[in-house]
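Engineer: Here it is: the structure, laid out below.
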Amino acid sequence: MTMQAELKTITTSIGVERDDEIHAREALLDRAMGTNRKRKSSEKLRRGRKPSEGLAFSARDHDGTLLGTVRLWDVDAGGVRALLLGPLAVDPGLKSGGIGSALMRHAIAEAARLGHRIILLVGDAPYYARFGFSADKTGMLAMPGPYERHRLLALELSEGALDGANGIIAPAGRRLKQRRLRAAA
């Protein structure tokens, strides 16, 4: 099945996130997840960081309107290099149209193509199981701050990649540059 067919012609493309989509992405995330989304434990791992190189994706319609988004972030998973997926969001009016699934498949394929070995996420196990995610190997890992342990899921892109991982997941990616604020004259 092609990406086009899976999306049921709602969108014409999934591609690398564009710099000019920042405000549209934030608005979409607020609509899809609420403004409290920034209080989640996974946000602590993303704060002040850039997504992993080449692993921030947008779904757009034929006019270029942002319909969905997903990003992956570099983390240290108890001594093992990994990616943290999230947030995955689709415009609430377009749920069940295949956009989220297409974004997931694209993100996983690109992570594998770039040589990454592990993807972690905090999410609904029944939804993410269809992409190969489970909690089977996350029992020795922990998120910073509160989270529901059964929602910490992993996908090994290389068999055994999580063997020996033990500890608190920590940010490990590229830092955002701090903007200098001018002092008022």
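Every number here is computed from the coordinates shown, using simple stated rules; none is lab data. Because the structure is predicted, anything quoted here is derived from the model rather than measured. Reconstructed Cβ throughout: ideal geometry from the backbone, glycine too, with neighbour counts over all protein chains shown.
Engineer: Starting from one equal scatterer on each C-alpha and no solvent at all, send me the Debye-based log10 I(q)/I(0) for the stretch 3-171 at q = 0.08, 0.09 Å⁻¹, two decimals.
Structural biologist: At q = 0.08, 0.09 Å⁻¹ the computed log10 ratios are -0.22, -0.28.
Engineer: Could you compute the FRET efficiency for residue 47 and residue 125, with r as their C-beta to C-beta distance and R0 at 30 Å, rounded to 0.05? Kindly include the intermediate steps, with their values, before the conclusion.
Structural biologist: Details: r = 25 Å, r/R0 = 0.84.
Using R0 = 30 Å, I get an efficiency of 0.75.
Engineer: Place a label point 7 angstrom from the Cα of residue 140 along the Cα-to-Cβ direction, then list the residues of the stretch 109-125 whose backbone nitrogen is under 14 Å away.
Structural biologist: Those under the cut-off are none; the list is empty.
Engineer: Run the helix sum for the chain: -39,500 (n - 2.57) per DSSP H stretch of 4+ residues, divided by residue count, reported at 222 nm to the nearest 500 deg cm²/dmol.
Structural biologist: On the way: 5 runs with 42 residues, N = 185.
Mean residue ellipticity, 222 nm, calculated: -6000 deg cm²/dmol.
Engineer: What does the extension gain come out to for residue 37 and residue 81, with contour length at 0.36 nm per residue minus their alpha carbon separation?
Structural biologist: Details: separation 44, 0.36 × 44 = 15.84 nm, distance 2.50 nm.
Extra length from residue 37 to residue 81 when fully extended: 13.3 nm.
Engineer: Using the Cα gyration tensor of the stretch 130-172, with a ≥ b ≥ c the square roots of its eigenvalues, what is the shape: rounded (a/c below 1.5), prolate (a/b larger than b/c) or oblate (neither)?
Structural biologist: Working: a/c = 1.89, a/b = 1.29, b/c = 1.47.
In terms of gyration-tensor shape, oblate.
Engineer: If you take every DSSP beta bridge fully contained in the stretch 76-185, what fraction is antiparallel? Give it as a percent rounded to 5. Provide the component values of the computation, followed by the final result.
Structural biologist: Numbers: 9 of 13 bridges.
If I count the DSSP bridges inside the stretch 76-185, around 70 percent turn out antiparallel.
Engineer: What dipole magnitude, in Debye to the nearest 20, does the stretch 64-110 give about its Cα centre under +1 on Lys/Arg Cβ and -1 on Asp/Glu Cβ?
Structural biologist: Numbers: 4 positive and 4 negative charges, 24 e Å.
Dipole about the Cα centre, nearest 20: 120 debye.
Engineer: How much length is gained if the chain between residue 149 and residue 166 is pulled fully straight, taking 0.36 nm per residue apart and subtracting their Cα-Cα distance, in nm to one decimal? Mind showing how you got there, number by number?
Structural biologist: Numbers: separation 17, 0.36 × 17 = 6.12 nm, distance 1.42 nm.
Additional length available on full extension: 4.7 nm.
Engineer: Only counting other Cβ atoms within 10 Å, I'd like 124, 91, 63 sorted with the fewest neighbours first. Please list the in-between numbers first.
Structural biologist: On the way: 124 11, 91 20, 63 6.
So the residues, fewest neighbours to most, are 63, 124, 91.
Engineer: Among 119, 14, 168, which comes first, second and so on when ranked by fewest other beta-carbon atoms within 10 Å? All intermediate terms of the calculation are to be shown ahead of the outcome.
Structural biologist: Working: 119 26, 14 23, 168 12.
The most exposed by this proxy come first: 168, 14, 119.
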